[in-house]
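Asks: Have a look at this one before I ask anything.
The values are calculated or read from the model by the stated rules, or taken from the named source; none is laboratory data. As the structure is a prediction and not an experimental result, all values here were calculated from the model. Virtual Cβ from ideal backbone geometry, glycine too; neighbours counted across all protein chains shown.
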Amino acid sequence: MLFKQKTVNNIIFHHLGNPMVLNKTLITGVLIFCLVVFSQARAQNNSLFSPVIQVNDTVITKFEFDQRVKFLSALKFPGDPNKVAQTQLIEERLKQTEALKLKITASEAEIEDAVKRFSSRVKLSSDDFIAELNRLGIYSNTFRSYVESELIWQKIIKKKFLSQSKISDLQLKRASNIANFDETVQVLLTEIIIPFSNQELSEIENIAYQLKNIKSVEEFSNAAKIYSKAPTADFGGRIKWQSFNKLPEIIKPFIFNLSPGEVTEPIRLNTAIALFQLRDIREINGINTEVNFLDFITVSTSLANLAYLKDIQNKYYSCSDLTAAIGNKADFKLMRSKFFSEQLSNSLATVLEKLDPDESEIIIDNEKPKLVRLCERNKKEELTNEKIENDKNNLQTIRLKYLARSFMETLKDNARVVIK
């Protein structure tokens, strides 16, 4: 035998005199093994950061998507986490692109403040909240990017729409509450509806933005005859008086803030762009002429507690005493409300109409007994400057939400989204 063999830990070495030469086959095997392990690690890494969604010129990686799914699941967001994550991430890319166009950013201090406020919702400090996310395999940047995106979007909406969303004193008077505004106001509109195909969209948008700047009622009506494809085009786009509450929900926030002669922003519909000019506005006389402002309490419970509910009704005559008597009893649900009578259901309004202050009645509502007690009638809260500003801000917030939703739908419709 030319070579002597020596076995150590089941590995065979060959001796040729003194030098010990490792079997070439073994060396080759070790090299192949190392290459396979390296290739698998590299493939896994590439797979983790490979794009799964393309939004225009940006991409969303598998890592980002998986992290967002974990984040939504941990916070028990409603809906399918995979579908919600896909929608959120696509919208965030569009928000980020819009922010770059408008040169909008969120400062580190703003992000930290938002992180603290978000964490406080679950009664944790931001450090504890992030630590809990880390424990679940969710990186802090996943959370921070979610918060930052919302901050940036709020700034975008304010920059684009804040001026046109402001509420005047007259509008506040007309709309002390949205329901009342819907019911008591009629509007006289002129419409221009311009259909489009994807190929024509850019051209149609340019036309729409030119039409938006028209100030004359007659000129806008002439434009409707030229550009509008609605049935009203032959009549210059003029629509008869109609109640505000009969308008489509998507256009209400655009009409709400107009003064006569003004034109809405172009409104993107499914296959058309719409513009509306407000010719006139009026309040409807003779509708709900007698409106009561009611301050009342309801106490709901189960049929098993009906006798006890009657006992409370007979022992406690004032609203404050009734509230103290119910306290924190788990089987009783007490609510104190202040509404105009027109805002209530017919059944509840009918009961309250018969009562004087501190009088009560027990009714059966959805097979459960409910004690209804009137506290005061027609005692409206004093309108301080602070309350007036709060009401304006609330109405403006509602309007901004409508505008934000409409703007996002427009961005999504114009985006090129590829799901891989």
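Asks: Can you name every residue in the stretch 321-345 that is assigned to a helix (DSSP H, G or I) and either over 25 Å from ALA304 (Cβ atoms) or within 29 Å of the chain's Cα centre (by Cα) (or both)? So that I can check it myself, show each step before the final result.
Replies: Quick first cut of the stretch 321-345, residues assigned to a helix (DSSP H, G or I) only: 321-326, 341-343.
Once the filter is applied, which keeps residues that are assigned to a helix (DSSP H, G or I) and either over 25 Å from ALA304 (Cβ atoms) or within 29 Å of the chain's Cα centre (by Cα) (or both), the stretch 321-345 yields SER341, GLU342, GLN343.
Asks: So GLU110 ticks every box in (1) assigned to a loop (DSSP other than H, G, I, E, B); (2) at pLDDT 90 or above; (3) surrounded by 15 or more Cβ atoms within 10 Å (Cβ to Cβ) but one. Which box is left unticked?
Replies: Here GLU110 clears every test but (1).
Asks: For the stretch 283-291, does any single residue satisfy the condition of being buried (at least 17 other Cβ atoms within 10 Å of the Cβ) and either assigned by TED's automatic domain parsing to the domain that holds GLN343 or more than 30 Å from ASN366 (Cα to Cα) (or both)?
Replies: no
Asks: State all residues of the stretch 132-163 that are surrounded by 13 or more Cβ atoms within 10 Å (Cβ to Cβ), more than 20 Å from the chain's Cα centre (by Cα) and not hydroxyl-bearing (Ser, Thr, Tyr); if no residue qualifies, say none.
Replies: GLU132, LEU133, ILE138 - these are the residues of the stretch 132-163 that are surrounded by 13 or more Cβ atoms within 10 Å (Cβ to Cβ), more than 20 Å from the chain's Cα centre (by Cα) and not hydroxyl-bearing (Ser, Thr, Tyr).
Asks: For the stretch 188-214, name all the residues that are over 13 Å from LEU275 (Cα atoms) and part of a loop (DSSP other than H, G, I, E, B).
Replies: Scanning the stretch 188-214 gives PHE196, SER197, ASN198, GLN199, GLU200.
Per-residue answers, yes or no, for (1) in contact (Cβ under 8 Å) with a residue 60 or more places away in the chain; (2) buried (at least 17 other Cβ atoms within 10 Å of the Cβ); (3) closer than 22 Å to LEU48 by Cβ:
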| site | (1), (2), (3) |
| --- | --- |
| ILE60 | no, yes, yes |
| PHE63 | no, no, yes |
| VAL69 | no, yes, yes |
| LEU72 | no, yes, yes |
| LEU75 | no, no, no |
| PRO81 | no, yes, yes |
| ALA85 | no, yes, yes |
| ILE90 | yes, yes, yes |
| THR97 | no, no, no |
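Asks: Now a separate question. Which pairs have Cβ atoms under 6 Å, sit 6 or more apart or on different chains, and link a residue in the stretch 240-264 that is exposed (fewer than 14 other Cβ atoms within 10 Å of the Cβ) to one that is not in a loop (DSSP other than H, G, I, E, B)?
Replies: Qualifying pairs under 6 Å: TRP241/GLN186; TRP241/LEU188; PRO260/LEU278; PRO260/ASP280.
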